[in-house]
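Student: Supplied in structure tokens, the structure appears directly below.
FYI, it's all coordinate maths here, none of it is from the lab. Given the structure is predicted, the values throughout are model-derived calculations rather than measurements. Because the Cβ atoms are built from the backbone with ideal geometry, glycine has one as well, and the counts that use them run over all protein chains shown.
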Amino acid sequence: MTPTSVLDADRLRARVQQALDDVLAHQRTVLTEVDPDCAPLVESVSRLVAGGKRLRPAFCYWGWRGAGGGADGGSSSADAESDAVVRAAAALELFQAAALIHDDVMDASDTRRGMPAVHRQFAALHRGSGWQGDAEHFGAAGAILAGDLCLSWSDEVLNGAGLTDDALVRAKAVFDRMRTQLMGGQYLDMLAQAMPVVAGARSATDGATGCEHGGETDEALARALRVICFKSAKYTVEHPLLLGAALAGASPELVAAYSSYGLPLGEAFQLRDDVLGVFGDPAQTGKPAGDDLREGKRTVLVALALQRATPAQADAVRRLLGDPGLGESGVVTLREVVVDTGALDRVEAMIDDGVRRSREALAAAPVEESARAVLEGLVEAATARAA
């Protein structure tokens, strides 16, 4: 199966989009009761959640199918259950929207998915309307509110998805843990950008997380790996899978197998994203070339480059990384350091290793055969080199 056909299996992307459209139509009505001037809050979210890969809903839905969900497909009750799972999966997209909106405010990002970031949209609205006060402050405040609404709506959608009481209780435990741990991972990401890079004694194996890399004792690398674990690997792949497993009442054996499949794949997904953040085509990524470098992201790619850099190379990284005005020549310099130190090759090897471990875990997992091919195809969809 191609990445596109995998993502569109069971018409999942179209069904998730319809669920989101229904939610936003309802919330537009609710906010209109407050005042029609609230419309930009919903419209900014609508633009953000239009289209996309829908990876998180895919892992949730096919995690449910792989655990035996939808086995009696075709009956009216089975179709209703499938639709309820799709709505629950759509809640993941609203939570993702909240995370992206707030992340862009924290990083002062200009664009997201080829469009102005939400805080930039609100700032432009302020300037274009000739309103009083500071447009940038208004933009940040509007985006924070839009993100808060998405966070609230994600809960509302999950609770109202039409799940059985038992399934909802199981799902909430996973959903709540996912949301809290993502916030922790986001804080670690922010903290890493604020701290100097110091080789230290902290090990990536401090506290079992499932994302351990034994032997990594460089502090910057250990922190970068931990951020990947909680900001991306668990949130993008493992927790959506476990949400689907919870909805189906999966066995402990399958839950453990999903973690073994999901964690290395989630890590590979984020490592690919980090590579694209430095070397990607803006037409594919929807963000300016080298944007992660301007934002000073302390990724595994950067940590490995610093770990292996000559004094001159390390000085260039410390001088240029995080410069919001970084031009093309600075981007080229940093790219050369990443390549010349072997950091890029090492990250590519880590991606390949994560993909291998994920596929091996899936091959041994007690997954329903009707879902296995899709879950296998999602490995490529999550780690494709283009976007």
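Student: For the chain, set up a Gaussian network in which alpha carbons nearer than 10 Å are linked by springs, and say which option among S260, S232, S76 fluctuates the most.
Tutor: S76
Student: Could you work out, for segment 56-207, what percent of all Cα-Cα pairs fall into each 5 Å distance bin, beginning at 0 Å and stopping at the bin that holds the largest distance?
Tutor: All Cα pairs considered, the percentages come to 2, 8, 13, 16, 14, 12, 11, 10, 7, 4, 2, 1.
Student: For the residues T180, T383, what sequence is obtained by ranking on other C-beta atoms within 10 Å, fewest first?
Tutor: The order, fewest Cβ neighbours first, is T180, T383.
Student: Moving to a separate point now. Would you kindly derive the ³J(HN,Hα) couplings of segment 328-344 from the backbone phi angles with the Karplus curve 6.51 cos²θ - 1.76 cosθ + 1.60 (θ = phi - 60°), listing them in order in whole Hz, with x for Gly and Pro?
Tutor: 4, 5, x, 4, 4, 4, 5, 4, 4, 5, 4, 6, 5, 7, x, 5, 5
Student: Taking amide hydrogens as modeled 1.01 Å from N in the peptide plane, which residues meet the under 5 Å criterion relative to G280, leaving out close sequence neighbours?
Tutor: It is G290, by chain and number.
Student: Roughly how far apart, in whole Å, are the Cα centres of segment 147-183 and segment 1-75?
Tutor: 14 Å
Student: About the Cα centre of the chain, how large is the charge dipole given +1 on each Lys and Arg Cβ and -1 on each Asp and Glu Cβ? Please answer in debye to the nearest 20.
Tutor: That gives the chain a dipole magnitude of about 400 debye.
Student: Where q = 0.13 Å⁻¹, what log10 of I(q)/I(0) comes from the Debye formula for segment 97-142, counting one point per Cα?
Tutor: -0.25
Student: For an R0 of 51 angstrom, estimate the FRET efficiency from the Cβ-Cβ distance between A124 and V255 and round to the nearest 0.05.
Tutor: About 0.65, to the nearest 0.05.
Student: Amide H neighbours of K287 under 5 Å, at least 5 residues apart or on other chains, H built in the peptide plane: list them.
Tutor: The answer is G114.
Student: May I ask you to list the chymotrypsin sites (Phe, Trp or Tyr not before Pro) in segment 112-181 that are in a DSSP loop and have at most 12 other Cβ atoms within 10 Å of their Cβ?
Tutor: Qualifying residues, ordered by number: W131.
Student: Right, here's the next one. Could you work out how much longer the chain between R318 and A373 gets when fully extended? Use 0.36 nm per residue separation minus the Cα distance between them, nm to one decimal.
Tutor: Once the chain is fully extended between R318 and A373, it gains 15.3 nm.
Student: Report ³J(HN,Hα) in whole Hz for each residue of segment 145-151, in order, from the Karplus equation J = 6.51 cos²θ - 1.76 cosθ + 1.60 where θ = phi - 60°; Gly and Pro get x.
Tutor: 5, 4, x, 4, 4, 4, 5
Student: Another question about this same structure. Taking the convex hull of the alpha carbon atoms in segment 1-131, what volume per residue do you get, in Å³?
Tutor: In segment 1-131, the Cα hull volume divided by residue count equals 123 Å³.
Student: Can you tell me how much longer the chain between A71 and A14 gets when fully stretched, taken as 0.36 nm per residue apart minus their C-alpha distance, in nm with one decimal?
Tutor: 18.4 nm
Student: With a cut-off of 19 Å, note down the residues of segment 126-153 whose backbone N falls inside the zone around a label point 7 Å from the Cα of D176 toward its beta carbon.
Tutor: 151-153
Student: Given H placed on each backbone N at 1.01 Å, which residues far from T111 in sequence or on other chains put an amide H within less than 5 Å of it?
Tutor: When sequence neighbours closer than 5 places are left aside, the close amide H contacts are A117.
Student: Could you work out how far apart the two model spin labels at V169 and D353 are, taking each label as a point 7 Å from the Cα in the direction of the beta carbon, and quote it in nm?
Tutor: About 4.2 nm separates the two model spin labels.
Student: Still on this model: With unit charges on the beta carbons (Lys and Arg positive, Asp and Glu negative) and the dipole taken about the Cα centre of the chain, which residue among I351, P264, A314 sits farthest to the positive side?
Tutor: A314
Student: Gaussian network model of the chain, Cα springs within a sub-10 Å range: biggest mean-square fluctuation belongs to which of G51, G147, G70?
Tutor: Comparing G51, G147, G70 in a Gaussian network model of the chain, the most mobile one is G51.
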